[in-house]
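K.L.:
The structure is given below, and queries will be raised subsequently.
Laboratory data are not the source of any read-out in this text; all were calculated from the coordinates shown. Since the model is a prediction, treat every value here as computed from it, not as a measurement. Neighbour counts run over all protein chains shown; Cβ positions are idealised from the backbone, glycine included.
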Amino acid sequence: VTVVYTLQEYRELLVHVEPALLITDLNLPDGNALSLLSAEPSCPTLVMTSYGDEEIAVRAMKLEVRDQYVKSDLAFREMPRTVDRALREWESLQQAQRAEVALRQSEQRFSTVFHASPVPILIAHLEAGSILDANESCCELLDFPLAELCGKPLDTVLERSLLEEVRRLQGEGRGGRVRDRESWAKTRGGQDRSVTVSLEIIEVGGAPCVLAMVFDLTERKQAEQERLELERRMLHVQKLESLGVLAGGVAHDFNNILVAIIGHADLAIGELPEGVAVRESLSAIKQAAKRAAELSQQILAYAGRGKYVLGRSRWTDIVSELTQLLQSTLSKRARLVLELSDAPSFMEGDATQLRQVAMNLITNASEALDDKDGMITVRTGQCRCDARELSRMVVGAELPSGDYCFLEVQDSGCGMDAATLARVFEPFFTTKFTGRGLGMAAVLGIVRGHAGAIEIESQPGAGTRFRVLLPLAAPAKASDPRGEVEDTWRPQGRLLLVDDEPAVRAVGSKMLERLGFQVETAADGVEAIAAYQAGRFDCVVLDLTMPTMDGAETLKRLRALDPAVRVVLSSGYTESELELRFAGLSASGFIQKPYTLMVLKRAMQAALHPDSLPSASAPQDSGGK
Ligand SMILES: Nc1ncnc2c1ncn2[C@@H]1O[C@H](COP(=O)(O)OP(=O)(O)OP(=O)(O)O)[C@@H](O)[C@H]1O
Ligand SMILES: [Mg+2]
């Protein structure tokens, strides 16, 4: 116990001491003790007054002074118990105050988290199911102002079964907690968002409520979708690329082998007199080898690496030339109806490739008849298409409006369902037992390469109509000198044949000799240079893909030796592609493997005596431009 006598002393004491209890007289020499008391006392206080000072008592009570004493004997005797009681009351009051502060702080924290949370949160009555509160993120997600959202049943925005499950779990005494449930949330506009929802039971103002945390997945899902789509497209491009690599390999090796087969068959036929039976077998070998060459062309065409010799042609001519060949291969039950236009509708393109398009479409039409009676109608003509019509095309929807030459092939066959229709152009997609699934893939590659469009109409059981559109070419300047020109050119001279493949050297030199040339061969670039230095040659036939020194390098060195050297390039790759790779290296001609005697002769003629060729029927344009 510390005793002080004035208010002043008491104040000085307070600097060092925190009293647990204050007992004070009301009237002190330097003032009234009530002035020491404040609304928030730091310790319990007992005030002693003279008897009957009621007014003071009331003021003291207002200032939360615990007890007010009348100075009497009894009061002093009771002092220990009074102090004890005052301290106990003080302690419990302090506890209650601390609890209240803690509660207020906790509520404040919750409110801050609730409103600032980027996760949309809703609170609803567990029993009534009506929404009590929602945070800003939630209002944003659901596109509702808070005022409008409050009071609405929770199931206007969240799946009803979620709340039901929480109630059920709660009823079973299992806590009523639901975690990361995939669901939807409905916005004000009625739009569904993909979300996951977590629910938890909490108490708000003593009532059981449910707290729903909603994680919006819509954007993430969209991004995922876009990623998948991108991946799919990338895979498609990669597929095309690897097919291109495959095609290159096929063209190189396969075509070298075919050079030998076709060449030898050609040579053998030439050595046999007319009418010998074995000539037919040799012709059949040559035909079969040509079909193999066509197959390799199909793959090349799809990969956009097909042989590409620009010329002018008409669908009508292409179809007319084909029909004879087709009669034997089409289904016997098919009735072929031709509705070919006579109009001079010319298009620019590679005639061989365009023939392949017509051929593939008509073959498919025939196969669609499935050995039942049916009709195949082939139409050709010219039409004007506007951008709207073109936008409906499966291929070429982006083309400008204009005049187009069309080829239409319609059949009354089995037709296609949506799943087949979606995949017709996919390489190796086939529904046929012996199909290779390359026909339409090649059509696609060729039509794309010619800046054309494709339209398809098909119904299961109701037949199919394919229409291929190619841009109409501008009218030709000079008149086309068509018709047969007498072949009077007699090959002669010294040639150097350079190829790393022995079979090609063997048959190639024999073919060239048969034509009338003197031939020497070289197995690679080094040998070729040496041979050229040793003796003069009128022309060099040069393979492009060779080990150590390739064709391009050899060509450069030959040029350095003799700027006037004539070189005909030869490759299983295509001329158009080579133009890209060997731009600047002008050659006198190009010959694509595999070649027949006739093609070889024309190529040599174009290189050695271009003036002797009828201008419009040059079989291989030199390409060195
Ligand atoms: N006219 C058509 N009628 C019905 N289905 C067709 C028609 N044209 C194509 N199809 C469908 O498209 C698929 C792919 O055709 P595509 O020509 O590419 O391959 P294919 O004919 O099966 O084999 P191939 O490589 O021998 O041509 C066919 O298997 C067939 O299911
Ligand atoms: Mg086919």
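K.L.:
Near the amide H of THR49, under 5 Å away, which other amide H atoms are found, from residues 5 or more places off or on another chain, if H is placed in the peptide plane?
P.N.:
When sequence neighbours closer than 5 places are left aside, the close amide H contacts are TYR69, VAL70, LYS71.
K.L.:
In this model, which of LYS239/LYS372; LYS290/LYS332; LYS556/LYS601 are farther than 27 Å apart at the alpha-carbon?
P.N.:
Distance filter (> 27 Å) returns LYS239/LYS372.
K.L.:
Still on this structure: What is the distance in Å between the Cα centroid of segment 107-164 and that of segment 1-42?
P.N.:
54
K.L.:
When the scattering of segment 325-389 is computed by the Debye formula from its Cα atoms alone, each counted once and equally, what is log10 I(q)/I(0) at q = 0.13, 0.14 Å⁻¹?
P.N.:
For segment 325-389 at q = 0.13, 0.14 Å⁻¹, log10 I(q)/I(0) is -0.47, -0.54.
K.L.:
Can I ask one more? Starting from the Cα gyration tensor of segment 486-558, take the square roots of the eigenvalues, sort them a ≥ b ≥ c, and report rounded, prolate or oblate (rounded when a/c is under 1.5, otherwise prolate if a/b is larger than b/c, else oblate).
P.N.:
Prolate, because a/c is 1.5 or more and a/b exceeds b/c.
K.L.:
Work from the charge dipole of segment 316-474 (Cβ charges, +1 for Lys and Arg, -1 for Asp and Glu, about the Cα centre) and give the residue of ILE362, LEU407, PHE429 farthest towards its positive end.
P.N.:
So the residue furthest toward the plus end is PHE429.
K.L.:
Something else now. Please sort through the DSSP H helices of the chain and keep those with an alpha-carbon extent of at least 27 Å along the long axis and a Kyte-Doolittle average not below -1.0.
P.N.:
What comes out of the filter, once short or polar helices are dropped, is 73-116, 218-249, 277-302.
K.L.:
For segment 248-290, what ratio Rg/Rh do Cα atoms give with a Kirkwood hydrodynamic radius?
P.N.:
1.10
K.L.:
If Lys and Arg each add +1 and Asp and Glu each add -1, what is the summed charge of the other residues whose beta carbon sits under 14 Å from the beta carbon of GLN324?
P.N.:
-1
K.L.:
I would also like to ask the following. At R0 = 30 Å, how high is the FRET efficiency between ARG177 and LEU146 if r is their beta carbon distance? Nearest 0.05 is fine.
P.N.:
0.70
K.L.:
I've got another one for you. I'd like to compare 358-370, 397-409: which one has the highest average count of other Cβ atoms within 10 Å, and what's the full order after that?
P.N.:
Final packing ranking: 358-370, 397-409.
K.L.:
Can you give the direction-averaged projected area of the convex hull of the alpha-carbon atoms in segment 293-412, in nm²?
P.N.:
Result: 8.1 nm².
K.L.:
Please compute the Kirkwood hydrodynamic radius over the chain, one decimal place, Å, based on all pairs of different Cα atoms.
P.N.:
Evaluated over the chain, this radius sits at 34.1 Å.
K.L.:
For an R0 of 60 angstrom, estimate the FRET efficiency from the Cβ-Cβ distance between LEU235 and GLN94 and round to the nearest 0.05.
P.N.:
0.25
K.L.:
Let me ask something else about it. Summing +1 for each Lys or Arg and -1 for each Asp or Glu, what net charge is found among the other residues whose Cβ lies under 13 Å from the Cβ of ALA503?
P.N.:
Local net charge: -2.
K.L.:
As a check on your grasp of the helix formula, calculate [θ] at 222 nm for the chain: sum -39500 (n - 2.57) over DSSP H runs of n ≥ 4, divide by the residue count, round to the nearest 500.
P.N.:
The helix contribution divided over the chain gives -14000 deg cm²/dmol.
K.L.:
How much net charge surrounds LEU272 when only other residues with a Cβ under 12 Å from its Cβ are counted (Lys, Arg +1; Asp, Glu -1)?
P.N.:
-3
K.L.:
Continuing with this model, one more query. Can you compute log10 of I(q)/I(0) for segment 213-301 with the Debye formula, treating each Cα as one identical point scatterer, at q = 0.19 Å⁻¹?
P.N.:
With no solvent term, the Cα-only Debye profile gives -0.89.
K.L.:
Let me ask another. Want the number for GLU136 to GLN324: 0.36 nm per residue separation, take away the alpha-carbon distance, what's left?
P.N.:
My answer for the length gained is 60.0 nm.
K.L.:
Sticking with the crude label model, points 7 Å out along Cα→Cβ, report the distance from ALA534 to GLU78 in nm, one decimal please.
P.N.:
With each label placed 7 Å out from Cα toward Cβ, I get 14.2 nm.
K.L.:
Now for a different question. Considering only DSSP beta bridges with both partners in segment 232-390, what is the antiparallel share in %, to the nearest 5?
P.N.:
Percent antiparallel among DSSP bridges in segment 232-390 is about 35.
K.L.:
Which FRET efficiency, nearest 0.05, do ALA223 and VAL394 yield, Cβ-Cβ r, R0 41 Å?
P.N.:
0.90
K.L.:
Compute the distance in nm between two label points, each set 7 Å from the Cα along the Cα-to-Cβ direction, one at ALA20 and one at THR6.
P.N.:
3.0
K.L.:
Then there is this: Multiply the residue gap between SER612 and ILE202 by 0.36 nm, knock off their C-alpha separation, and tell me the result in nm, one decimal place.
P.N.:
Full extension of this stretch gives 137.7 nm more.
K.L.:
Right, something else. Share of antiparallel DSSP beta bridges in the chain, in percent to the nearest 5?
P.N.:
65
K.L.:
Once the convex hull of the alpha carbons of segment 86-227 is built, what does its volume come to per residue, in cubic angstrom?
P.N.:
With only Cα atoms used, segment 86-227 gives 137 Å³ per residue.
K.L.:
Can I ask one more? For SER50, project a label point 7 Å along Cα to C-beta. Then give me every residue of segment 1-26 with its amide nitrogen under 13 Å of that point.
P.N.:
Within reach of a label on SER50, which here means backbone N under 13 Å from a point 7 Å along Cα→Cβ, segment 1-26 contributes 26.
K.L.:
So for the chain, taking the charge dipole from beta-carbon charges (+1 Lys/Arg, -1 Asp/Glu), which of VAL166, VAL245, LEU217 sits furthest toward the positive end?
P.N.:
The residue sitting farthest along the positive end of the dipole is VAL245.
K.L.:
Report the extension gain between ARG557 and SER117 in nm, rounded to one decimal, defined as 0.36 nm multiplied by the number of residues separating them, less their alpha carbon distance.
P.N.:
Result for the pair: 150.9 nm of gain on full extension.
K.L.:
Let me ask you something else. Only counting other Cβ atoms within 10 Å, I'd like TRP489, TRP315 sorted with the fewest neighbours first.
P.N.:
TRP489, TRP315
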